[in-house]
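S.K.: A single structure is presented below for examination.
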Amino acid sequence: MKPGYRAIGAHKLNPIGLGAMNLSHAYGVPPEEGEAIRLLNEALDQGYTHLDTAQLYGAGANEALVGKAVSHRRDEFFLASKVGIIIEDGKRRIDGRPETVKKAVDVSLQRLKTDHINLYYLHRRDFTVPIEETVGAFKDAIDAGKIGGYGLSEVSVDTLTRAWNEHPMLALQNEYSPWTRNVELGVLAACEKLGVALVSYSPLARGVLANGVDDPKGFAPKDIRTNMPRFNAENWPVNHKLALAFNQIAAEHDVTPAQLCLAWLLSRSPVVHAIPGTSNRDHMKENIARWDWTIPAEAASRIDALINHDTVAGHRYPEPVRPTIDTEDFD
């Protein structure tokens, strides 16, 4: 295994993967298709070995994009996708029924132009379906050779353990960064105990700790951050000051804020991976350029003191979304 690479199951990967969501969904204005295809291919050229997508992103368009862009290089990367969040007629619902999972696997394979997905997640827990039943559908897909393993996203220690007892999983994908520490309430320790990879989404604090947000008023109309409490008029001034102080720590260590943030994250545990997303090729290259840099203990301690649950203003999600999140939360 290449020094510094980390395991997801039997696969040894660069711990900095690429989240493809931004190329179709959620942040700013997606790039035109040709630019997105160039970015994905350049990512493989730069050393990315882990690509992450989902059926949700662009209502299937992101999976189709990944399939069109890099299916001809399928043996060069570990492929992850997700099922479970469905938007129909403008309404969002969560569906973890076994029949939904089984159908979704085939749809994802077709869009991604592959016969095998390495890791297939349940995007959010469906509280109306016992997690064991959902896991049973994943196991059937594993036995059929359609997926290499399954994962869950934004779940608690209890759900993680129940799922694992039904069938061992490869990875858990939860939000984790200096300004979102929920996994430290138990999930991270459980992943270490069970040998589950913790794949961290939004590892750059939704762009804030990559020096990517100056004024939320400049967000595109459909940018999902416009509804997030941490970016509202009351909380943003507090959080912006934290980001500016974070940038200063990065400058002192001759790395970019994004590189500092990712190094902090990887220092938390050897089971941690990160999948920063971007639609900018320069940022994509920046995120992986110092992937093997070890953050000094002094810098990590300063970050812990500067940015944590007590210093960040506002909840990470708006009120209507919180009931869909199973992960432990701070009081």
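S.K.: Considering the chain as a Gaussian network with a 10 Å cut-off on Cα pairs, which listed residue, Gln173, Gln259, Gln110, attains the greatest mean-square fluctuation?
M.R.: Answer for the Gaussian network model of the chain: Gln110.
S.K.: Going through the stretch 19-72, which chymotrypsin sites (Phe, Trp or Tyr not before Pro) have at most 16 other Cβ atoms within 10 Å and a DSSP loop state?
M.R.: Those that pass, being in a loop and sparsely packed, number zero.
S.K.: Using a 1.4 Å probe over the heavy atoms of the protein chains, calculate the carbon and sulfur portion of the accessible area of the chain as a whole percent.
M.R.: For the chain, the apolar C and S fraction of the accessible surface comes to 51 percent.
S.K.: Also, quick follow-up: In debye to the nearest 20, how big a dipole does the chain give about its Cα centre with +1 on each Lys and Arg Cβ and -1 on each Asp and Glu Cβ?
M.R.: Here the size comes out at about 380 debye.
S.K.: Taking only the alpha carbons of the stretch 96-135, what extent do you get along each of the three principal axes, in Å, biggest first?
M.R.: For the stretch 96-135, the Cα spread along each principal axis is 32, 16, 13 Å.
S.K.: Given bins 5 angstrom wide, list per bin the percent of all Cα-Cα distances in the stretch 123-243, short to long.
M.R.: The distribution over the stretch 123-243 is 2, 10, 18, 17, 14, 12, 11, 9, 6, 1, 0, given as percents.
S.K.: Still on this structure, please answer the following. Determine the shape class of the stretch 235-331: with a ≥ b ≥ c the square roots of the Cα gyration tensor eigenvalues, call it rounded for a/c under 1.5, and otherwise prolate if a/b is greater than b/c, oblate otherwise.
M.R.: prolate
S.K.: Another question, if that's okay. Can you tell me the accessible area per residue over the chain, all protein chains present, probe 1.4 angstrom, in square angstrom?
M.R.: For the chain, the solvent-accessible area averages 41 Å² per residue.
S.K.: Now for a different question. So what's the net charge close to Val312: Lys and Arg +1, Asp and Glu -1, counting the other residues with Cβ under 10 Å from its Cβ?
M.R.: +2
S.K.: Also, quick follow-up: Rounded to a whole number, what is D in µm²/s for the stretch 23-171 from Stokes-Einstein with the Kirkwood radius over alpha-carbon pairs (37 °C, 0.692 mPa s)?
M.R.: The estimated diffusion coefficient comes to 209 µm²/s.
S.K.: Hey, got a sec? Which trypsin sites (Lys or Arg not before Pro) in the stretch 208-262 land in a DSSP loop and have at most 15 other Cβ atoms within 10 Å?
M.R.: Taking the stretch 208-262 and a limit of 15 other Cβ atoms within 10 Å, the loop trypsin sites (Lys or Arg not before Pro) found are Lys222.
S.K.: If you don't mind, another one. Per q in 0.20, 0.21 Å⁻¹, report the Debye log10 I(q)/I(0) for the stretch 285-331, using one uniform scatterer on each alpha carbon and no solvent.
M.R.: Those come out to -0.87, -0.88, one per q.
S.K.: Determine the sum of side-chain charges near His167: Lys and Arg each +1, Asp and Glu each -1, restricted to other residues whose C-beta is under 13 angstrom from that of His167.
M.R.: -3
S.K.: Here's another thing I want to ask about it. Restricting attention to the stretch 170-257, which GluC sites (Glu not before Pro) occupy a DSSP loop and are surrounded by at most 16 other Cβ atoms within 10 Å?
M.R.: For GluC sites (Glu not before Pro) across the stretch 170-257 that sit outside H, G, I, E and B with at most 16 neighbouring Cβ atoms in 10 Å, the list reads Glu234.
S.K.: Can I ask one more? Suppose we keep just the alpha-carbon trace of the stretch 193-278; what are its Rg and Dmax in angstrom?
M.R.: Gyration radius and largest Cα-Cα distance of the stretch 193-278: 14.3, 43 Å.
S.K.: For the stretch 130-193, what class follows from the C-alpha gyration tensor (a ≥ b ≥ c being the square roots of its eigenvalues): rounded when a/c is under 1.5, otherwise prolate if a/b is larger than b/c, else oblate?
M.R.: prolate
S.K.: As a quick test, which of the pairs Lys102/Lys217; Lys113/Lys285; Lys193/Lys285; Lys12/Lys103 have an alpha carbon distance above 31 angstrom in this structure?
M.R.: Where the Cα-Cα span goes over 31 Å, the pairs concerned are Lys102/Lys217; Lys193/Lys285.
S.K.: Is the shape of the chain rounded, prolate or oblate, going by the alpha carbon gyration tensor and its root eigenvalues a ≥ b ≥ c, with a/c under 1.5 for rounded and a/b larger than b/c for prolate?
M.R.: In terms of gyration-tensor shape, rounded.
S.K.: Could you tell me which of Thr311, Met284, Thr324 has its Cα farthest along the dipole of the stretch 260-331 towards the positive end, charges placed at Cβ (Lys, Arg +1; Asp, Glu -1), taken about the Cα centre?
M.R.: Met284
S.K.: How large is the helix-only mean residue ellipticity at 222 nm for the chain, computed as the sum of -39500 (n - 2.57) over DSSP H runs with n ≥ 4, divided by its residue count, in deg cm²/dmol to the nearest 500?
M.R.: Helix contribution divided over all residues of the chain: -11000 deg cm²/dmol.
S.K.: What does the charge add up to near Ala263, with Lys and Arg as +1, Asp and Glu as -1, over the other residues with Cβ less than 15 Å from its Cβ?
M.R.: With Lys, Arg at +1 and Asp, Glu at -1, the net is -2.
S.K.: Please list 11-22, 158-169 highest first by mean number of surrounding beta-carbon atoms within 10 Å per residue.
M.R.: For the peptides 11-22, 158-169, the packing ranking is 11-22, 158-169.
The values are calculated or read from the model by the stated rules, or taken from the named source; none is laboratory data. Only a predicted model underlies this, so the values are computations on that prediction, with no experimental measurement involved. FYI the Cβ positions are ideal-geometry reconstructions off the backbone, even for glycines, and counts take in every protein chain you see. Accessible surface is based on the protein model in full, side chains and every heavy atom, while ligands, DNA and RNA are left aside. Shrake-Rupley method; radii C 1.70, N 1.55, O 1.52, S 1.80 Å.
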